[in-house]
Each structure stands twice: as structure tokens, then as C-alpha cells.
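S.K.: Take this structure, written in C-alpha cells, and hold onto it; I'll ask about it next.
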Amino acid sequence: MKIVVAVKQVPEREAVLRVTPDGRSIDESDVAWTMNEPDAYALEEALQLKQRAAEAGLGEAEVVVLSAGPERVQSTLREALAKGADRALHVVTPESGEGSLAERGSLDVARLLAEAVKGEQPELVLTGLQSDDLGAGQTGVVMAELLGLPHATLVLQVEFAGQGGVGRRIKVRRELEDGWTQFVEVPLPALLTIQSGGNRLRYATLMGIKRARQKEMRELSAATPTQRVDEVVKVSPPLRLKQTEMLTGAAEEIAAKLVERLRFEVKVL
Amino acid sequence: MTAAGMLVGIVGLRLNLRLAEPASLGLGARVLLAALMLGSAGLFAWRGAPIARAIWGSKKDTDLRLRPLGRRGWRFFWEVLCQAKVIRQRRLPGLAHALVYWGFLAFALVTINDLAEGFGCDLLARAGAFGAFYVAFAGAWALLVAFAIAGLFARRFLARPKWLGEVSLESGVIALLIFALMATYLAMLVVPQRSPAAACLWWAHTLVLLAFLPIIPGTKHLHLLLSPLTVFLKRPEFSQLSKLEGDEEFGLVTGKDLTRIIALQAYSCVECGRCTEHCPAAATGKVLNPKEVVLGVKAYLNSYGPGSDAPLLQDEPEGRQKALSMPAAFACTTCGSCEYQCPVGVQHLPVLIGLRRGAVNTGAWEDRYGTKLFLSLERQGNSLGMGAAERDKFIAKQRFPLFDGSQEYCLWLGCMGSYDPKGREIVADFARVMQALGTSFGVLKKESCAGDPARRLGNDLLFGELAEQGLKSFAQAGVKKIVTVCPHCLRTIASDWREYGVAPEIEHHSEFMARHAALLERLMVGEQGGSVVYHDPCYLGRYREVYEPPRAVVAMAGELVEAERHRERSFCCGAGGGLAFLGEEAGDRVSHGRTRELMETGAKTIGTACPFCNSMFRDALGEVGGAAPPQLLDIAQLVARRLPAQALDSGELKG
Ligand SMILES: Cc1cc2nc3c(=O)[nH]c(=O)nc-3n(C[C@H](O)[C@H](O)[C@H](O)COP(=O)(O)OP(=O)(O)OC[C@H]3O[C@@H](n4cnc5c(N)ncnc54)[C@H](O)[C@@H]3O)c2cc1C
Ligand code: SF4
Ligand code: SF4
């Protein structure tokens with residue numbers, strides 16, 4: 001069994017983000033990068049499936065991690081290898097300008113990734129539900145379409161289903177609104193987009209990092225040309241809208257003002 | 001040794017300085033003696049060889065440096081020859097032990113003489129006045145040793161302190177042999193020369209001697225031979241961890257990872273139980289027992305030999321080294337009491353943390369809280385899992401200036417000082433003290449955890465990343481001097497970071513305030529604040545030997561009282577070794593016991609010098625503090641309260 005996990009490198013949560021002078025993207029020069037959080041859960045699910053496959057006598061599963069981007073994404077791929085992935089595919093895109101990630105929309109990126117996945121013929125493709133930076137939530141499902149695979153979204157857990165044909169079908173738990181979950185059986189091969197929080201992540205270890213050095217990291221060139229259908233018009237930091245107003249005066253005056261605001265502005269009384 | 005001198009005098013006079021010689025031995029007897037001597041030595045070698053092999057066959061300690069020899073020499077003199085540690089930690093039995101030890105040294109010459117006599121050569125008789133003196137001198141020691149060993153025998157078999165463990169036959173036999181050696185020697189001083197009695201005594205003495213030798217290896221009395229070497233070869237620093245080299249070193253995973261020093265120390269253990277007696281984990285019913293951990297390493301080496309592939313941590317609770325288990329290794333607060341107490345130089349922390357390193361660096365340790373801590377450190381860069389923006393808000397609110405190279409000190413906040421409400425109060429109060437003194441300081445714009453919890457829990461990957469990051473931020477900011485309120489950050493930055501580079505000079509706020517005591521006292525207003533019991537944090541006391549400066553600070557603000565266990569013997573608060581982050585303890589809380597002990601002094605205030613201790617006591621006081629719990633304040637807060645308000649003008653936020 002082979003599982004491909006698509007992992008995206010995104011700015012760290014604490015990174016200080018600056019908009020480029022043209023106002024259409026983020027200045028990457030000073031940004032610290034990390035693995036997209038739902039992708040970390042997708043990887044964890046893949047690693048646990050590998051272990052469960054071995055325990056269920058389904059043979060040795062292979063976990064391949066895949067990322068598209070400039071050279072910097074290799075640090076995230078290394079991290080995935082250190083946590084236990086078996087090998088890595090890096091679809092190399094230019095740092096900036098024509099063909100770079102900034103110039104590609106979700107559809108374009110999905111094309112790049114789908115191209116790389118085709119060469120692997122995996123039984124399962126896992127992606128994160130959405131990325132922490134752009135949050136379009138599109139890449140996974142578009143990839144499924146391009147690969148002609150069935151897919152399930154917002155997946156928390158995956159298990160092997162069926163008795164005789166163990167491994168040919170999987171059962172997934174999907175998150176619905178308001179704490180509800182849904183179980184769906186999906187035939188393999190399939191693509192799942194994984195929601196954060198379904199598992200406990202593992203910590204990176206020294207042994208993992210050392211072993212990762214010997215694992216294969218294959219570079220693929222980004223064959224498909226950029227075909228953007230949408231256009232980023234403007235990127236801006238969130239505006240601070242919350243305003244604090246101090247009501248002053250004697251206690252009765254303050255109370256009167258407060259009631260007035262609550263009644264006519266906030267409209268809760 | 002004036003008392004011994006007098007004894008020598010009296011005994012010398014009464015006994016006319018003569019040791020009864022046996023009548024000269026015939027050829028047959030001499031052959032028999034030689035055969036017995038050979039047999040004894042052979043048996044000794046046969047029993048000792050596997051131990052020598054286990055030690056020598058273990059991994060070489062790559063980081064062992066003998067220099068500076070002076071310090072090692074001094075320790076040898078003080079701890080071995082003077083028996084200082086043995087006596088200090090257990091006065092009466094310690095003194096009795098020291099007497100036996102010194103008596104043994106005095107008897108070295110007597111023993112050589114005894115065997116030489118067998119071959120017709122009484123060396124002491126030929127040595128004239130010196131010989132006569134020595135016979136009496138040794139006689140005095142024989143008396144002292146006989147008394148001491150009888151006392152120790154009574155303690156072990158009648159008083160039976162629980163730390164000594166089960167009553168051992170071996171100890172009884174050894175005590176009897178020693179007593180017999182002394183008694184026969186003393187008797188030889190009173191029986192007539194060349195009498196049958198003298199011959200009997202000589203044979204008895206010699207046979208006991210020859211029986212004693214082969215008993216030594218394979219029993220805890222091996223410490224007689226090994227511990228002088230162990231004390232001399234001890235790693236120079238407290239809780240010193242070796243660097244992991246190459247691609248196959250992850251800590252203590254199998255016998256291949258045990259080093260010669262670890263093996264030597266394990267075989268030197270005399271099973272006195274002092275380590276366990278002072279262990280907070282053992283005292284509160286955790287599975288950890290440091291003495292059994294040391295004996296577990298010995299049991300492992302005995303069963304598998306050196307360089308074995310068998311895992312050190314065993315799952316089955318009845319395994320050969322059952323004390324070496326993952327729950328035991330992770331119950332240690334790394335307080336260092338055991339290492340400090342051990343009279344024969346066993347260093348427990350490199351073993352306990354080594355086992356943790358082996359488990360964490362290979363991913364074998366799975367713990368919900370531990371994983372959460374590591375992920376927080378990986379992702380947020382702090383142990384409390386907070387966003388860095390929270391720290392930014394705190395330093396803006398306090399109007400702490402950012403370090404820009406123009407200030408004298410970089411004030412290091414640490415995770416507690418950055419994110420914990422009480423830790424922040426402590427930092428803020430200490431900043432006010434610095435401002436009152438007119439000392440310029442700034443804080444780093446960004447700070448990651450110094451790596452203490454990662455280091456103590458054995459996560460070398462994370463610790464290395466944090467140390468490198470920290471070194472880089474200090475270098476980039478051009479920091480020359482650091483001051484911190486946290487002893488854990490202090491130790492980690494000053495000692496543990498050395499594996500990755502040289503950090504700027506760092507000191508604890510207690511040292512800083514004690515140095516400025518004169519000026520602070522002039523600035524202080526109002527009345528002294530009543531009695532304060534000071535709690536020595538493990539990482540400031542035993543780890544850094546900083547005992548007096550915090551006391552000087554406390555004395556400025558109030559009347560200093562001492563808890564029953566203080567200074568080197570201070571008892572842990574329970575937070576160290578990353579345990580503050582590992583959720584609820586099994587069994588009693590370490591912090592509750594210590595809090596009760598501090599409260600028993602009746603002091604109005606508990607004075608702390610570590611934000612982790614402070615947080616542990618804060619929680620414990622809620623549970624065991626009763627209706628009127630004492631106040632709980634850091635030493636910086638004790639000082640800040642007595643500074644006039646106008647001395648506390650706030651600094652300006654730059655950048
Ligand atoms: C990335 C992501 C983040 C989310 N974050 C949040 C969150 O923060 N808080 C929260 O509460 N929820 C969240 N959700 C849940 C989300 O708000 C709802 O689940 C979602 O809006 C439901 O629509 P859907 O995308 O599943 O679309 P679908 O159910 O597929 O519907 C899409 C559209 O198709 C059309 N359509 C579908 N069925 C019919 C029909 N029978 N007849 C006519 N038209 C139809 C409608 O135009 C409909 O709007 C998130 C979901 C995703 C994917
Ligand atoms: S360091 Fe402290 S807690 Fe750990 S074994 Fe030693 S005495 Fe016990
Ligand atoms: S390790 Fe040291 S303190 Fe502990 S029992 Fe052995 S000799 Fe005593």
C-alpha cells in the first residue's frame with residue numbers, strides 16, 4: 001500500500017507579515033516557515049495507517065510526502081521524513097516571478113501536485129483540509145477531480161473496512177457541524193482532506209532527524225505552465241475594528257449611558 | 001587526633017610496645033601459608049575479573065578530562081581521606097565508618113608485617129623505635145575500629161534503619177571478620193612471645209585476612225577498592241550530560257551506551273540508601289528509587305556483560321533490572337539530592353536523564369503531556385504554549401525597554417516571566433529594583449524557551465534547536481551580561497548551552513541584588529517585613545552552589561528563618577525535570593510536603609527564588625495552607641516592597 005501526503009509550507013503563526021510594495025502578496029524575505037497544521041495531522045494519519053496496515057497483515061505500507069514550492073520547502077519535507085515518512089517528492093517551482101507559487105492559484109497548484117501523484121499510483125492521497133495561510137480549501141478536492149478519484153472532506157480518522165477484501169475499502173469519520181460526525185465508506189484509491197485535531201501529533205526526535213538524512217528526496221520539475229484563472233487584487237492586514245470607549249461621569253450617568261448604548265446601538269435590550 | 005594520640009600513649013606504656021610473634025613456621029607450614037595466600041588471591045581475581053571486564057569493556061567516556069587535577073585531588077583528600085561527606089550527612093554512623101576506614105589505612109603496614117612474619121621476617125620488630133610506636137599506634141586503631149564496627153553492627157542488625165534495606169548476611173559476616181581481625185591483633189599484644197597462643201592468634205588473624213580478600217568482589221564491600229577511584233574520577237560538574245556524537249548515539253538505550261564511568265559508579269554503590277532517603281519521588285510513593293536504579297545498572301551488567309544489545313529499560317516488572325523502567329525515569333524531578341548525597345561518588349542524574357534521552361530521542365516515550373509540551377516548544381517556542389504576542393503585550397504594558405546594545409544588562413524573562421501571571425509579577429518587581437538602583441537593562445524583542453524542560457526530559461533535538469536559537473539572539477543583540485529570575489534558565493544557559501556555543505555571562509537576580517545590598521539598604525524605607533523562611537531552589541543551590549546571596553537579600557527585607565532541610569539538603573518543590581508540565585503526580589504531591597515543612601517554621605512569609613517553586617507553593621498553599629497561610633513572595637518582591645514609590649519611575653519603551 002502506498003499513501004501520498006501533500007504537505008504545504010506556510011508562515012509560522014508568530015511570523016511578522018509584511019505586504020509587498022505592489023500590495024498583492026506577502027514579503028517572504030523575513031518569514032519563518034512551518035508545516036501547515038492540517039497537513040501535520042494528515043501526515044500523522046498516514047503514519048498511523050502504515051502502522052495499522054502492518055498490524056492487520058496488509059503488508060508494508062509506504063508513506064510518500066509531496067510538496068510544491070521553492071527550495072525552502074525541503075525543510076518541511078525533511079521534518080515529515082523525520083517524523084516517519086519514507087521518502088519525499090519535491091516539485092520545484094521558482095522562488096519568485098513566472099511559475100512561482102505566488103503566481104499560481106489553487107487549481108494550478110493542484111495540477112502540479114496531481115501530476116506528481118500520477119507517477120506514484122498510490123492507493124490513498126491525503127491532503128490537509130485547507131491551508132493556514134490562504135485557506136481556500138480547494139487544492140485537495142480539485143486534485144481528486146484531476147486524478148479521477150473519489151474523495152471525502154473534513155476527515156478526522158481513517159480505518160480499513162470490509163472483511164475479505166480488507167484494504168480495498170476504507171471507512172472515514174467526517175466532522176459535521178456542532179459536534180456531529182459522519183462515517184462514510186470510500187473505495188480505494190481515494191483522496192481525503194484531513195481536518196486538524198483527529199489525532200495526537202508526535203514530537204520530532206533526534207533519531208528521526210538522523211534517519212531522515214538517509215531517506216530519498218526526489219526533485220521533480222514543475223512541468224505544467226502557469227494557467228491562472230483568478231487574480232489576486234489586494235492583500236491587506238486585518239483592520240483593527242474593536243474600539244474601547246470609556247464611559248465617564250457619576251455612577252447614575254454611566255448607567256444611563258450604558259442602557260442607551262445597549263438599547264439603541266447594540267440592540268440587546 | 002589528640003584523643004587517638006593519648007590512647008597510643010597509654011596502650012604503648014601498658015603493652016611495652018611488643019607484638020607477640022608466633023614461633024618460626026616450619027617449611028610445611030610455610031608452603032601451606034603460601035598456598036593459602038595464592039588461593040585467596042586467585043579467588044579474588046576469579047571473582048573480580050568479570051567486574052573488571054564489565055567496567056573496562058564498557059564504552060569509553062569521550063568527555064572525561066582529568067584536569068584540573070587540583071580539584072580532583074582536593075575532593076579525593078576531603079571526601080575519601082577525610083571521609084567528610086560520610087560524616088557530614090550521617091554524623092554518628094559516619095564517624096564510626098570513618099574510624100573503620102582510617103583503621104584500615106593504619107593496618108596496611110600491620111598486614112604486610114603479618115604475612116612477612118609467616119616467612120620469618122618481623123618487619124616491625126626490626127624497625128626499632130618506629131616499629132614499636134607503630135605496633136602501639138595500630139593497637140589504638142584496633143580498639144577504635146572494634147568499637148566502631150560493633151556499633152555499626154548493632155545499628156544494622158538491631159536499630160535497622162529502613163534506608164539500609166533488608167538485613168544482609170553479607171554485612172554481618174564482614175563485620176564479624178573485621179571484628180575478628182581487630183580482636184586477634186589486640187590479643188597478640190598481650191600474649192607471651194612465641195607461645196602456642198601467639199601462634200594460634202597469628203593463624204587466626206592471617207586466615208581471617210585471607211578469607212576477607214575474596215569476599216570483597218561481588219559484594220557491596222567492593223566499594224573499599226573502587227570508591228576512592230570513583231570519587232577521583234567523578235564528572236566534575238553536577239548533573240553533567242555527555243554530548244551525543246555520531247548517528248547512533250541517542251542516550252542510554254542499550255548496554256552499548258553505558259560508559260566506563262557509569263559502570264564503575266554502579267559497582268561502587270555501597271547500598272547505603274542515602275540517595276533514596278533524600279529522594280522526593282521515593283518519599284512521595286513514586287516508582288522511582290535511585291538506589292535501585294544504580295543497582296539496576298549493576299544487575300544489567302552482571303547479567304548481560306558490557307556492550308550488550310539488550311534494552312536497558314525493561315517492560316516486565318519482574319525483569320532483572322526491574323528498577324530501570326520508563327515510569328521511574330520520568331518520575332525524577334532532577335533535584336540532584338541523590339547525586340549530592342552519595343558518599344562514593346555515584347552520579348545518578350546522567351543515568352536518569354540518559355535513560356530519558358534514550359527514550360525520547362528514539363520516540364519510545366509516549367506521554368500526552370510530554371508530547372504537548374514538546375509540540376508547544378516546537379511550534380510556539382515556549383513551554384506554556386502561549387502566543388508570542390502575549391509576551392509582546394506584557395513587555396509593552398510594563399514599558400520594559402528593548403535591549404539595543406546601550407544597556408548594561410539583558411533581562412531574560414524566561415517562559416514563566418513572559419507568560420505566567422505570578423512569574424510576570426516577579427519579573428516586574430525585579431525590574432523595579434533594577435530601576436531603583438539606576439542599572440540600565442533591556443529585554444530581548446523575541447525570546448524562546450532556554451530549553452530546560454527539553455534538556456531534562458531528554459529531547460536533544462529540541463534542546464539543541466532552542467540553544468542555538470538563544471545563542472543567536474544574544475549574539476545578534478550584542479548582549480554581554482544577562483540577569484534572570486529563573487534558576488532553570490540560569491543553569492541551562494550557563495552550563496547546558498555550552499554544547500552549542502558560548503553564552504554571555506549570566507547571573508541570578510539574587511546574586512545581582514546581594515551585590516547591590518549596601519545601596520539597596522540605603523534606598524529602603526519602612527519597617528522590616530517580619531520572619532521569612534527561605535527555600536533553596538535545587539537549580540540555584542545544589543546546581544550552582546548559590547546559598548548566601550539570596551539569604552543576604554532576605555535578611556535585608558525581614559528576619560531569615562531556616563527550614564529543617566536547607567542549603568545542600570533542601571527538599572525539592574516538585575517542579576523540576578520538566579515535571580511541572582507532566583500533569584498530576586501519582587501519589588502524594590512533593591510540593592505539599594515541602595510546603596508543610598516551610599510552614600512548620602512559623603515564618604510569616606515563604607521566600608522563593610525561582611518562579612517554578614513559587615508556582616508550586618502557590619498551588620500547594622491552596623490545598624494545605626490552612627485558614628491563615630503564610631505569604632508567598634519572591635526575594636525580588638521582598639525587596640521591591642520596601643522601595644519608595646518615587647524610586648520606581650518606569651523605563652521607556654524603545655523600538
Ligand atoms: C474550509 C472550511 C472551513 C469551514 N469553517 C467553518 C467555520 O469556521 N465555522 C462553521 O460553522 N463552519 C465552517 N465550515 C463548514 C461550512 O460553513 C459549511 O459546512 C458549508 O458552508 C456547507 O457547505 P459546503 O461547502 O459543504 O457545501 P455544499 O453542501 O456542497 O453546498 C454548496 C452549495 O451548493 C449549492 N447546493 C448544495 N446542495 C444544494 C441543493 N440541494 N439545492 C440547491 N443548491 C444546492 C448551494 O448553492 C450551496 O451553497 C467550514 C467548511 C470548510 C470547507
Ligand atoms: S534527582 Fe531527586 S528526584 Fe531524581 S532520583 Fe535523585 S533525588 Fe530522586
Ligand atoms: S548510590 Fe550512593 S547514596 Fe545511593 S545507595 Fe549507592 S552508595 Fe548509597
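S.K.: It is to be established whether one or more residues within the stretch B:360-381 are closer than 20 Å to residue B:479 by Cβ and either in contact with a strand residue (DSSP E or B) (Cβ under 7 Å, 6 or more places away or on another chain) or not hydroxyl-bearing (Ser, Thr, Tyr) (or both).
M.R.: The answer is yes, given that some residue of the stretch B:360-381 is closer than 20 Å to residue B:479 by Cβ and either in contact with a strand residue (DSSP E or B) (Cβ under 7 Å, 6 or more places away or on another chain) or not hydroxyl-bearing (Ser, Thr, Tyr) (or both).
S.K.: Right, here's the next one. Restricting attention to the stretch B:489-527, which residues are surrounded by 14 or more Cβ atoms within 10 Å (Cβ to Cβ) and in contact with a strand residue (DSSP E or B) (Cβ under 7 Å, 6 or more places away or on another chain)?
M.R.: Hits for the stretch B:489-527 are B:489, B:490, B:493, B:494, B:504, B:506, B:507, B:508, B:509, B:512.
S.K.: Given the condition buried (at least 21 other Cβ atoms within 10 Å of the Cβ), at pLDDT below 95 and within 14 Å of chain A (Cβ to nearest Cβ), answer yes or no: does some residue in the stretch B:420-438 qualify?
M.R.: No: zero hits.
S.K.: Another question, then. Looking for whichever is over 25 Å from the mean Cα position of the chain (by Cα), assigned to a helix (DSSP H, G or I) and either more than 26 Å from residue B:171 (Cβ to Cβ) or not assigned by TED's automatic domain parsing to the domain that holds residue B:34 (or both) here; the options are B:198, B:266, B:187. Which one fits?
M.R.: One residue alone meets the criteria, B:198.
S.K.: Moving to a separate point now. Give me the residue from the stretch B:269-295 that is of a type in the set (Lys, Arg) and part of a helix (DSSP H, G or I) and, out of that set, farthest from ligand 1 (Cβ to nearest atom).
M.R.: Among those that are of a type in the set (Lys, Arg) and part of a helix (DSSP H, G or I), it is B:274.
S.K.: Taking residue B:471 and the conditions (1) out of contact with any Leu (no Cβ under 8 Å at 6 or more places or on another chain); (2) modelled with pLDDT under 95, which numbered condition does it fall short on, given that it satisfies the others?
M.R.: Only one criterion in (1) out of contact with any Leu (no Cβ under 8 Å at 6 or more places or on another chain); (2) modelled with pLDDT under 95 is unmet by residue B:471, namely (2).
S.K.: In the set B:369, B:409, which member is surrounded by 19 or more Cβ atoms within 10 Å (Cβ to Cβ) and either touching a helix residue (DSSP H, G or I) at 6+ places or on another chain (Cβ under 7 Å) or of a type in the set (Ser, Thr, Tyr) (or both)?
M.R.: B:409
S.K.: So in the stretch A:213-238, with the set limited to residues that are among the basic types (Lys, Arg) and within 14 Å of chain B (Cβ to nearest Cβ), which one is surrounded by the most Cβ atoms within 10 Å (Cβ to Cβ)?
M.R.: A:215
S.K.: Something else now. Check every one of the helices (runs of 4 or more DSSP H) wholly within the stretch A:37-118 and list those with 3 or more residues that are touching a Leu at 6+ places or on another chain (Cβ under 8 Å) and within 19 Å of residue A:191 (Cβ to Cβ).
M.R.: A:37-55, A:106-118
S.K.: If you take the residues in the stretch B:226-257 that are among the polar types (S, T, N, Q) and assigned to a helix (DSSP H, G or I), which one is nearest to residue B:83 (Cα to Cα)?
M.R.: Within the stretch B:226-257, the match that is nearest to residue B:83 (Cα to Cα) is B:227.
S.K.: Which of the residues belonging to the stretch B:466-489 are closer than 23 Å to residue B:385 by Cβ and free of Cβ contacts under 8 Å to residues at least 60 places away in the same chain?
M.R.: B:467, B:468, B:470, B:472, B:473
S.K.: Does the stretch B:548-555 include one or more residues that are surrounded by 16 or more Cβ atoms within 10 Å (Cβ to Cβ), out of contact with any His (no Cβ under 8 Å at 6 or more places or on another chain) and part of a loop (DSSP other than H, G, I, E, B)?
M.R.: Looking through the stretch B:548-555, none of the residues is surrounded by 16 or more Cβ atoms within 10 Å (Cβ to Cβ), out of contact with any His (no Cβ under 8 Å at 6 or more places or on another chain) and part of a loop (DSSP other than H, G, I, E, B).
S.K.: So which residues in the stretch A:198-212 are within 13 Å of chain B (Cβ to nearest Cβ), touching a residue at least 12 places away in the same chain (Cβ under 8 Å) and either buried (at least 19 other Cβ atoms within 10 Å of the Cβ) or in contact with a Lys or Arg (Cβ under 8 Å, 6 or more places away or on another chain) (or both)?
M.R.: The answer is A:200, A:201, A:202, A:204, A:205, A:208, A:209, A:212.
S.K.: For the stretch A:1-23, name all the residues that are assigned to a loop (DSSP other than H, G, I, E, B), away from every other protein chain (no Cβ under 14 Å) and not acidic (Asp, Glu).
M.R.: Correct list: A:1, A:7, A:8, A:18, A:20, A:21, A:23.
S.K.: Now for a separate question. Tell me, yes or no, whether the stretch B:354-373 has at least one residue that is in contact (Cβ under 8 Å) with a residue 40 or more places away in the chain, within 16 Å of ligand 3 (Cβ to nearest atom), closer than 28 Å to residue B:272 by Cβ and outside the structural domain of residue B:420 (by TED's automatic domain parsing).
M.R.: Within the stretch B:354-373 (the criterion being in contact (Cβ under 8 Å) with a residue 40 or more places away in the chain, within 16 Å of ligand 3 (Cβ to nearest atom), closer than 28 Å to residue B:272 by Cβ and outside the structural domain of residue B:420 (by TED's automatic domain parsing)), the answer is yes, since at least one residue qualifies.
S.K.: To continue, here is another question. Can you find a residue in the stretch B:93-109 that is of a type outside the set (Phe, Trp, Tyr), surrounded by fewer than 17 Cβ atoms within 10 Å (Cβ to Cβ) and either more than 24 Å from the chain's Cα centre (by Cα) or not assigned by TED's automatic domain parsing to the domain that holds residue B:22 (or both)?
M.R.: Yes, because at least one residue in the stretch B:93-109 is of a type outside the set (Phe, Trp, Tyr), surrounded by fewer than 17 Cβ atoms within 10 Å (Cβ to Cβ) and either more than 24 Å from the chain's Cα centre (by Cα) or not assigned by TED's automatic domain parsing to the domain that holds residue B:22 (or both).
S.K.: Sticking with this one: Read through the list (1) more than 17 Å from residue B:612 (Cβ to Cβ); (2) modelled with pLDDT of 95 or more, then give the number of the only condition that residue B:453 fails.
M.R.: The one condition residue B:453 does not meet is (1).
S.K.: Here's a follow-up. Hey, any hits in the stretch B:221-231 for a residue that's away from ligand 2 (no atom under 16 Å from the Cβ), in contact with a Phe, Trp or Tyr (Cβ under 9 Å, 6 or more places away or on another chain), closer than 21 Å to residue B:364 by Cβ and of a type outside the set (D, E, K, R)?
M.R.: no
S.K.: For the list (1) without any contact (Cβ under 8 Å) to a residue 24 or more places away in the chain; (2) closer than 14 Å to residue B:173 by Cβ, I need the number of the one condition that residue B:220 fails.
M.R.: (1)
The values are calculated or read from the model by the stated rules, or taken from the named source; none is laboratory data. Bear in mind the structure is a predicted one, so any value in this text is a computation, not a measurement. Using ideal geometry, Cβ is built from the backbone for each residue, glycine included, and neighbour counts are taken over all protein chains shown.
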